[in-house]
Amino acid sequence: PPGPSPLFPVPPLFLPVPPLPVPPPAGIGRTAAMAAIRSVKGLVALVTGGGSGLGRATVERLVQHGARVVLLDLPASSGAQLAQELGEHCAFAPADVTSPKEVGAALALAQKQFGRLDLAVNCAGIGIAVKTYNSKKDKVHDLEDFQRVINVNLVGTFNVIRLSAQLMSHNKPDADGHRGLVVNTASVAAFEGQVGQAAYSASKGGIVGMTLPIARDLAPLGIRVVTIAPGRAARGAP
């Protein structure tokens, strides 16, 4: 058979990998990195799902570095106990992220107790492992379960964002024009969902999808919006 056309050569199966750039000296790299990170000391944060897992670790780290935190979680969570352990720099707000009234009360607590809101971290979320159709059991995925995951993970995140942005918009802008920051938690499942993760992946993919338009909505107000997509962690899945 004829060989490849000289005009359209077939690329090699494995392309050579360029060498990695030589990292800068440790001192320079660390200085540059630290200069790009604003200190959290003195900031006021709202952390949803703060009673366990990634949310709990976030609350603990923020308080450790001098921030004041409103820990939002369900009434039956360990949030109240954690807030008590962390002392005066942490307040517990029992709330469901899907409830505008309860999230509003949590933000009112931040305003009343700490004077403002600078940072909102969305860690609240749930997950289920159910196949779309289980042929062995002849059972389809329950639609209410699917909707519940979407409602908590996606709608709940948006609920917190919109109400937090309203409060942040009243902040006096800093030297760079910033009034606040929202950090959302998606998951690697947003891009690489596994068997039984249809609902979870859809909810996390929705968070990824709405991040850019929300960031564009809020940019004129000086409110930044970012989303992280972690994998499994020692303290539980995000």
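None of the figures in this text is laboratory data; all of them are computed from the coordinates on show. For clarity, every value in this text was computed on a predicted model and none was experimentally measured. Please note: Cβ atoms are built from the backbone with ideal geometry, for glycine as well, and neighbour counts cover all protein chains shown.
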Under the classification rounded if a/c is under 1.5, otherwise prolate if a/b is larger than b/c and oblate if not, where does region 33-100 fall, given a ≥ b ≥ c as square roots of the Cα gyration tensor eigenvalues? prolate
Using the Cβ atoms and a cut-off under 12 Å, what net charge is assigned to the surroundings of Leu117, where Lys and Arg are +1 and Asp and Glu are -1? +3
Whole-Hz couplings from phi, Karplus 6.51/-1.76/1.60, listed for region 65-77; x for Gly and Pro: 9, x, 8, 10, 10, 9, 8, 9, 7, 5, x, 7, 6
